[in-house]
Each structure stands twice: as C-alpha cells, then as structure tokens.
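The values are calculated or read from the model by the stated rules, or taken from the named source; none is laboratory data. Predicted model only: the values in this text are computed from it and were never measured. All Cβ positions, glycine included, derive from the backbone under ideal geometry; neighbour counts span all protein chains shown. Surface accessibility is based on the protein's heavy atoms, side chains included, excluding ligands, DNA and RNA. Shrake-Rupley method; radii C 1.70, N 1.55, O 1.52, S 1.80 Å.
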Amino acid sequence: MRINKFISHNTNYSRREADELIKSGKVSVNGRVVSDFVEVSYDDKIKINGRLVKKKTEFSVIVYNKQKGELVTKRDDRGRKTIFDTLPKGFSKFISVGRLDFASEGLLLLTDAPAIAEALMRSDIERMYYLK
C-alpha cells in the first residue's frame, strides 16, 4: 500500500496532509526517512516526527439521517450547511459511504475507516433504492 494511504488509514491525517509530511521529511519507514512515495506493508514500522504510527484495529460505522438542505461534504466554499455542521465535532474525520444530493434526505453511512468506506462503495452487494 502507498505510504500516504497507510498514514491516512491509521492516523487522523488525510492523504494530502500525509503527502506534505512525507515531502517535508517527517516520515520514516523502518528507521529511514522517506521523501518520496513508497510502498509499505503492515509489517513496516512507520514513524511521523519520530512517533510510531499504531495500526488501527478498531473502527466505527454510524448511520446518519441526512436532512434536505445539507451537503455531504466536509466544507462548502459557498457557506451552505453540511452534515458535519450537524454532527458532533468527534465525527469530523469520518468518511461518508456514498452521497446524497442537497435536495435528498435519507440514511447515510459514515465510518472512521477509509478501507471500510472503500470496500462498501466498491462492493457488488445489491443495493435497494426507495423512491417516494
């Protein structure tokens, strides 16, 4: 797995933030500072600023009832309300599994595990859609 993906899956850093940490020489793999994007495995010891990145073993998934007039995004440059304005601050790093548009309402899954979000979005599980 690419190192920035490993960092984003196991810390509160996004992939873009991980990219910046790598470029600035703050990331090491097995004791060697990396400044480029390398492939890593779960057996490697990855450190950020000298602190070991602990591999996550527990994840959360929540169900959110999205209301009409809320955007499914972290922030909106036009100042419209997002789901994260309604959710408690502790959920700011959660990832939505799919999206509902601005005018839609309904249940939305969110998780703190990018791997879970990706697996659910890419799965072949049959989905049921209910229209009013």
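Brief remarks on what is shown
- Calculated over the chain: convex hull of Cα atoms, volume per residue (Å³): 131
- Accessible area, probe 1.4 Å, largest first, for residues Ser24, Ser8: Ser24, Ser8
- Label positions at Arg80 and Ser92, each projected 7 Å from the Cα along the C-beta direction, are separated by 2.3 nm.
- Using a Förster distance of 35 Å, the FRET efficiency for Asp36-Ala115 (Cβ separation, nearest 0.05): 0.90
- Listed residues Ala115, Ala103, Ala18, most fluctuating in the chain (Gaussian network, C-alpha, under 10 Å): Ala103
- Computing FRET efficiency as 1/(1 + (r/R0)^6) for Asp124 and Lys45, where r is the C-beta to C-beta distance and R0 is 35 Å, gives about 0.50.
- Working note: 222 nm ellipticity from helices only, DSSP H runs with n ≥ 4, each -39,500 (n - 2.57), summed and divided by the residues of the chain, gives -6000 deg cm²/dmol to the nearest 500.
- Segment 71-112 - percent of accessible surface contributed by carbon and sulfur, probe 1.4 Å: 54
- Chymotrypsin sites (Phe, Trp or Tyr not before Pro) restricted to DSSP loop in segment 1-63 with at most 16 other C-beta within 10 Å: Phe37, Tyr42, Phe59
- P(r) tail fraction, segment 55-132 - alpha-carbon pairs more than 21 Å apart, %: 30
- In this view, the solvent-accessible surface of Ile125, computed with a 1.4 Å probe and all protein chains in place, comes to about 110 Å².
- Per residue value of the accessible surface for the chain (all protein chains in place, 1.4 Å probe), Å²: 71
- Lys/Arg +1, Asp/Glu -1 at C-beta; the chain dipole; positive extreme among Thr82, Ile62, Val97: Thr82
- Note on exposure: Thr82, Thr57 ranked by accessible area (1.4 Å probe, complete protein assembly) read Thr57, Thr82, with the most exposed listed first.
- Placing +1 on the Cβ of every Lys and Arg and -1 on the Cβ of every Asp and Glu, with no other charges, gives the chain a dipole of roughly 360 debye about its Cα centre.
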